[in-house]
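What follows draws every value from the coordinates through simple rules; no lab data is involved. Being a predicted model, the structure only gives us computed values, none of them experimental. A quick note on method: Cβ atoms are made from the backbone with ideal geometry, for glycine too, and the neighbour counts reach across all protein chains shown.
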Amino acid sequence: MEHIEQIVVALGAPEGEASLIGYAALLARLTGAVEIRFVHVAPAASQSSILRERMRRHVTEVVGEMGPTAECDVLHGDVTDRLLEYVTEFQADLVLVGSQRHVLGARLAMVAPCAVAVIPDGWPARLTHLLVAVDFSPSATATLDWATRIASGDPAVRCTAVHVMTPESTDLFADGESEEEQMHTMRRTISAAPNHGVEVTARLLSVERAAHVGLGHSLSPAAAIQGSDVAHTILAAAKLAGADAIALSTRGRTRSASILLGSVAEKVIERATVPVLVWKDGTNLGLVSILLGRATRPVGISVN
């Protein structure tokens, strides 16, 4: 599992979103990131140099002089397309957005070639208890690896891994597998993942019905409803445990599980009141590069 070295922070305005800036600084400290790039996508008629200087002053006011190299840039064009192009060009390991733009965060979680973090407005720069949602897939092992690497930056951070049992989705685990057998499988999954010295507590959860399942979702009704229920269960578990961040992946054990987990990630991002960290394995990088017409890493975006 690669380190988080390059972080991109998508600011909705040159000044504001102080909590997003502060949380980016926290994650940089925990992960040992070497560079943070603060980016704002502005209207075409705006003066980039003026906006960039305002961003620099604001970032310094919020977090002071940061340890990692901090750069600011102003882009123009479609927000999602320009951000995708930017994180691809600079080979970002993590991109942060504010929760007021959760639609953007959800879309990036599905298509970005790197991990995505969605931070609620006004959320303090702290991490004490990270809840990691897993199934029994290789992606779950990689997500635990990634999440515990982040948590290892501070010995006070605790981790809890949770799996939501969904009898309707039998392709997530063996037919007829008992709760005890699932717990054994979960512990095996946890033990297979590098924990970077972080103790991980395992929990199995029974799915809870959400009050407004499947509304406004583009996936099939069954996947949308079940995905909404699983998301609701994860969010309820995080609240009950006092977790102040949730980590999960968008990929699962099978193709149908992947669809389900994509729905879960989208719903968790939409409804969470704590930061959501979405691990990505980077397999979208080639696709994004092709979509953007960039087969190789280009140069030409100045952040000076």
Sorted by mean Cβ packing within 10 Å, highest first, what order do the peptides 91-97, 67-73, 121-127 take?
-> 91-97, 67-73, 121-127
Based on the Cβ-Cβ distance from H184 to S206, what FRET efficiency comes out when R0 is 25 Å, to the nearest 0.05?
-> 0.90
Put a dot 7 Å past each Cα toward the Cβ at A156 and R29; how far apart are the dots in nm?
-> 1.0
Going highest first, how would you order 140-152, 181-193, 45-57, 232-244 by mean Cβ packing within 10 Å?
-> 140-152, 232-244, 181-193, 45-57
So how far apart, in nm, are the two label points at T128 and K239 if each is 7 Å from Cα heading toward Cβ?
-> 1.9
Sequence-separation-based contact order of the range 87-126, relative, with Cα cut under 8 Å and 6+ spacing, percent | 45
Around I150, what is the net charge, scoring Lys/Arg as +1 and Asp/Glu as -1 over all other residues with Cβ under 12 Å from its Cβ?
-> -1
Measuring from label point to label point, each 7 Å out along Cα→Cβ, what is the H3 to T80 span in nm?
-> 3.4
Gyration tensor (alpha-carbon) shape descriptor, the range 17-83, a/c threshold 1.5 = prolate
For the range 103-134 versus the range 1-75, the gap between their alpha-carbon centres in whole angstrom = 16
Neighbour-count ranking for F38, F90 (other C-beta within 10 angstrom, fewest to most) reads F90, F38
